[in-house]
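Heads up: the structure comes next, in structure tokens.
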Amino acid sequence: MKKINVKRTDRGAIQIGIELTKIAADIATLTGVGAQVGTPLKIVATGIGAAMPIARSLKQAGRDRASKAGAWGITKAIFNADKSTEKKKEKRAHDTELIFDMFEKLPLYDEQDAACVARYKQVESFVEAAGVSIQALYQFDGDAENLKKAIVEAMGKRE
């Protein structure tokens with residue numbers, strides 16, 4: 001869960017940086033004098049923002065190729081096959097099963113029992129770390145299979 005949220009934070013920070021660069025470029029362009037700097041700066045920031053998803057897709061395609069039988073040695077040397085799409089799905093499914101195991105081991109909720117309340121909050125924090133809000137969790141109302149799918153899908157979202 002920590003890796004998932006670190007990636008979310010890092011990508012969010014990068015997106016903020018790109019947007020701030022675009023704003024600075026707009027300001028420079030509007031001053032008139034800075035138009036020679038502002039316009040190229042905005043073009044570069046826009047290009048970086050557009051290239052990032054493409055680069056991630058290419059990297060993931062390389063990982064997927066490296067995980068297949070018969071992949072070239074150089075492909076396996078460059079790309080980490082343990083981060084292939086299939087391996088990531090397996091890991092997310094395993095983590096979801098662990099969360100559901102926590103659900104099953106929860107005692108009946110007792111507001112007066114501090115240890116019980118703490119355990120519920122701990123499980124809630126794991127669900128939120130996976131990317132599912134507590135409000136969304138309650139919307140599934142006992143539909144375990146769809147909740148599992150939603151948690152696995154939420155773990156894969158970074159932006």
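The values are calculated or read from the model by the stated rules, or taken from the named source; none is laboratory data. The structure displayed is predicted, hence computed values, not measured ones. Heads up, the Cβs are rebuilt from the backbone with ideal geometry, glycines too, and the neighbour counts pull from every protein chain shown.
Just a few scattered comments:
- Taking every residue in segment 136-159 that is under 18 Å from D101 (Cα atoms) and pairing it with any residue that is aromatic (F, W, Y), at least 6 positions away or on another chain, the pairs with Cβ-Cβ distances below 9 Å are A144/F100; A144/F103; N146/F140; L147/F100; L147/F140; K148/F100; A150/F140; I151/F100.
- All of T39, T31, T9 fail the test of being more than 18 Å from the chain's Cα centre (by Cα), surrounded by fewer than 12 Cβ atoms within 10 Å (Cβ to Cβ), hydroxyl-bearing (S, T, Y) and at pLDDT below 95, apart from T31.
- First in segment 48-64 and without any contact (Cβ under 8 Å) to a residue 40 or more places away in the chain, second anywhere and surrounded by 10 or more Cβ atoms within 10 Å (Cβ to Cβ) and of a type outside the set (V, I, T), Cβ under 7 Å, 6 or more apart: G62/F79; R63/F79; R63/N80; R63/A81; R63/K83; R63/S84; D64/S84
- Candidates E86, E90, E97, E104, filtered to the one that is loosely packed, with under 15 Cβ neighbours inside 10 Å, closer than 23 Å to E153 by Cα and in contact with a helix residue (DSSP H, G or I) (Cβ under 7 Å, 6 or more places away or on another chain): E86
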